[in-house]
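Remarks on the structure that follows.
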Amino acid sequence: MKTYQETEEILVKIRSCKKILLTLHRGPDPDSIGSNLALYQYLKDLGKEVDLISVDEPSRNLSFLEGFPEIKIEDIAEKDLSAFDLILILDSGSPEMLTYKQGFIFSNNEQVIVVDHHKTNAGYGTINLIDSSTGSVSEIIYKLLEAWGAQMSPGIATSLLTGIIGDTGSFRFESSVSPETFIVASSLLKKGARLGQAVYNLFQSTELATLKYWGVILKNLEIKESNGVKFAFSAVSEDELSYVDKSSKSGAATVFFNSVSGTEFGLLLTQDKDAIDGSLRSRSSLDVAMVAEVCGGGGHKAAAGFRYTLDGKSFDEGVRTILGVVNDVLAKQHVANS
C-alpha cells in the first residue's frame, strides 16, 4: 500500500490544533463531499472543534452520508480565517476552486494543509500532499487514516467508498483506477461501508429538476469536429435553467459526455450568471485537462473543468470564445502529433 512522506507531519499538525476548518470545493462532487465528511468525523473523534463549509449547496442525494447535516453554506472568502488554528483543503487544485470571489488566496499567517490528486495543483498550502497518480482524494484519505491507526466507523467507510465510486466513475475510468483502488474498496467494505446505500443514492435517486436539466442538455446536444477530432457538445444558457438549483447540475457531464459514440471527448457549458462553467470528459487518449488549463481550470486526463468569466460578453459570445480556445488546443495537438 502506498505511503506518503507527509503523513506524520500532517498528523502532528492536526494533533497540535484545536479549531480546524474544512471546506468543499465549488459545485462539490461525491469525492469532495465523501473525503471531507470522513475527515470531519475523524477530527471530531479526536475531540477537535471542526467547521465544515461549502460555498454551494451540496447535492441532496448524498444526504445519507454521516455528518452531511453539519455542512454549513458559507463562503471561505468571507470567513474570519484567523479564528482557526488550521485549514484543511481536500480535492481543490487551487484556492479559486473554493469560492466565486476572484483572486482569493490564503495569507502567510494561515496554516493550510492541502491534500489533492489534481496534477495542476501547484501546492498552495503550508503542507502539500499531492498524488496525481491516485484516482480520488477519498482513496488518499483512506491511506492517511490507516497510517494514523484510525478506527474507521461504517459511516467513515461509507463516505470514502462513495467518494471513490464517484471519482472513478464506478471504477470505469482507467486512468483513475489502480490495483490499490480495489484493495482500498475491499477494505472499506470489510469495515462496514454500505455499498448498496451508496449506489442507490448515487445512481438511483435523481431528482425531477435534475432530470429536466438533463433533458435540456440532450436537446442542445450536438457533435462538433475540430482538427479531425469529434466531440460531443452542449451549451445551456441561464434562461433555460430558471428552475434548476446548482446542486442539480453536478454529474451531468459524467452521465452523458463520456459515452457518445464516434467522439473522443465531451464538453458541457452551463451559464451561471456572469460566468460559464465548463465540464470536460474524455473517452479516448485525449487529455481534457489540457483544454481546462488553457481556460483557467484544471483536472485530470479523463475529467476536468473550468469557470470562464463573461466580463460583459453575452453567453453566445462566451461560448464562441471557449470553442475557439478548444480549436486552438486541438490544432496544437494535431501539429504535435504530425
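Any read-out appearing in this document is the output of simple, stated calculations on the displayed coordinates, not a laboratory observation. Fair warning: this is a prediction, and the values are worked out from it, not measured in the lab. Here the Cβ positions follow ideal geometry from the backbone for every residue, glycine too, while neighbour counts run over all protein chains shown.
What the table below lists for this structure:
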| read-out | value |
| --- | --- |
| Set K44/K72; K13/K119; K19/K191 screened for pairs whose C-alpha atoms are more than 18 Å apart | K13/K119; K19/K191 |
| Selected from G166, G149, G67 as most flexible by GNM, with the chain as the system and alpha-carbon contacts under 10 Å | G149 |
| Cα-Cα over 29 Å, subset of K2/K48; K219/K301; K79/K190 | K79/K190 |
| Global geometry of the stretch 137-287, whether rounded, prolate or oblate, following the gyration tensor of its Cα atoms and the 1.5 cut on a/c | prolate |
| Label-to-label distance, nm, for residues given as Y4 and S175 (7 Å Cα→Cβ offset) | 2.1 nm |
| Debye equation applied to the C-alpha atoms of the stretch 208-337, log10 I(q)/I(0) at 0.22 Å⁻¹ | -1.42 |
| D80 versus Q151: modelled label distance in nm, points set 7 Å from Cα along the beta carbon direction | 3.6 nm |
| Relative contact order of the stretch 73-119, pairs being alpha-carbon contacts under 8 Å that are 6 or more residues apart, as % | 47 percent |
| Shape of the stretch 7-203, Cα gyration tensor, a/c cut at 1.5 | rounded |
| Calculated on alpha-carbon atoms, Rg and Dmax of the chain in Å | 19.5, 59 |
| Proximal lysines relative to K273, as straight alpha-carbon distance under 18 Å, when same-chain residues fewer than 8 apart are discounted | K101, K246, K249, K313 |
| Hz values of 3J(HN,Hα) by residue in the stretch 83-91 - Karplus curve (6.51, -1.76, 1.60), Gly and Pro given as x | 7, 10, 6, 8, 10, 10, 10, 10, 6 |
| Estimated [θ] at 222 nm from DSSP helical runs (n ≥ 4, -39500 (n - 2.57)) normalised by residues in the chain, nearest 500 | -11000 deg cm²/dmol |
